Amino acid sequence: MSRMLTYEQFVKTIDQLEEAQLLLAALELDIFTHIDGERLTAKQIAKKAKMDATAAEALLNCLVTLKALKLKEGRYANTQEMRKHFCKTSPDYKKGTVMLRQENYEEYGNLIRVIKKGRNFTGKHQPDNPKRRALFTHAMHERSLSRAGVVAEKVCRKPVGKLLDLGAGPGTYSACILKRDKEASAVLLDRASALKTAKEIWGGKPVWKRIDTRPGDLFDTDFGTGFDTVLFSNILHIYNPAENLKLLRKMHRALNPGGRLVLLDYFLKDDRTQPLQASMFSLTMLLFTETGKTYTWKETEELLKKAGFSKPQRIPLPDDSGLLTGCKK
């Protein structure tokens, strides 16, 4: 029998909002960038960040408590992790992650309104914003790195051949797949601004020689034919069933006979409450999409069947996401 959420756990989880707000404030005020590699007093940091000196000291001390900063003899310094990932002068600065976390915080402030009155998100059919698209693409790269190796290992259990990566974003999954399967090649299809970011990330790597890019839109651009594998990662949840079915049928036409479709996404069990991250992600889709949702394994398998795919195979992944594959007869 599963454990129930206790009163203490309930309150403790809500109290973590304070810590989240504190860290987001540090990002908004560029605290880690202002400190950089120096050891500064609270007054020095307050002057750089244009903060009230008394409030700045309180904020900085809390960041020390959370072990995001170090304090010695009245001077504050970055930890190695904070300087590496959240200082703008660092080559490893996670600018996409920063943008996405700030957006998520703002959108979740609308959760109660959306639950009471329904969605009012209309971003899907709005003109593309290249600047935001580039930052979002960086965020997807930063997020994908932690599981791309696992995904590539699962996908490469069979020869990949010619791969079509739809809505490829940074191309991180394709790049890791091609690193493992030396005979494979890939075509990345996405908006021009996303593909530009992909080239910034991978253009200097040997794997880029086996990658082609195709700017376009999933619904309006012809996918072409002659592919052995189609990768559709973290996109299914954006669209409603009719839209996904339309895209899946296009993928089916793009594949060679015997070709394979690989879906990477969060998938729910039939009761829609598990696994945890997939269930929580359904709220993100409520806030960030017009009609999207987290699909169950069974719902997705039914869509694959309607699109002409057979032999569905479920491959759960450690982070509550999963791969669902299907074959073209």
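The values are calculated or read from the model by the stated rules, or taken from the named source; none is laboratory data. Please read these numbers as outputs of a predicted model, since none were measured by experiment. Every residue, glycine as well, gets a Cβ built from its backbone with ideal geometry; the counts of neighbours run over all protein chains shown.
For the range 118-125, state whether one or more residues are at positive phi, under 28 Å from the mean Cα position of the chain (by Cα) and not assigned by TED's automatic domain parsing to the domain that holds L23. Yes, because at least one residue in the range 118-125 is at positive phi, under 28 Å from the mean Cα position of the chain (by Cα) and not assigned by TED's automatic domain parsing to the domain that holds L23. Taking the criterion of being aliphatic (A, V, I, L, M) and either over 28 Å from A139 (Cβ atoms) or not assigned by TED's automatic domain parsing to the domain that holds E38 (or both), the only residue of the range 59-86 that qualifies is L71. From A56, A49, grab the single residue that is touching an Asp or Glu at 6+ places or on another chain (Cβ under 9 Å) and under 19 Å from T33 (Cβ atoms). Of the residues listed, the single one that is touching an Asp or Glu at 6+ places or on another chain (Cβ under 9 Å) and under 19 Å from T33 (Cβ atoms) is A49. Looking across the range 265-284, the residues that are crowded, with 17+ Cβ neighbours inside 10 Å, touching a residue at least 24 places away in the same chain (Cβ under 8 Å) and touching a Ser or Thr at 6+ places or on another chain (Cβ under 6 Å) come down to Y266, L268, A278, F281. Here A139 meets each of (1) touching a Gly at 6+ places or on another chain (Cβ under 9 Å); (2) hydrophobic (A, V, I, L, M, F, W, C); (3) buried (at least 22 other Cβ atoms within 10 Å of the Cβ); (4) closer than 15 Å to N234 by Cβ with one exception, condition (3). Cβ-Cβ below 6 Å, separation at least six or inter-chain, first residue in the range 46-65 and surrounded by fewer than 17 Cβ atoms within 10 Å (Cβ to Cβ), second among the small types (G, A, S): which pairs? Filtered contacts from the range 46-65: A53/A46.
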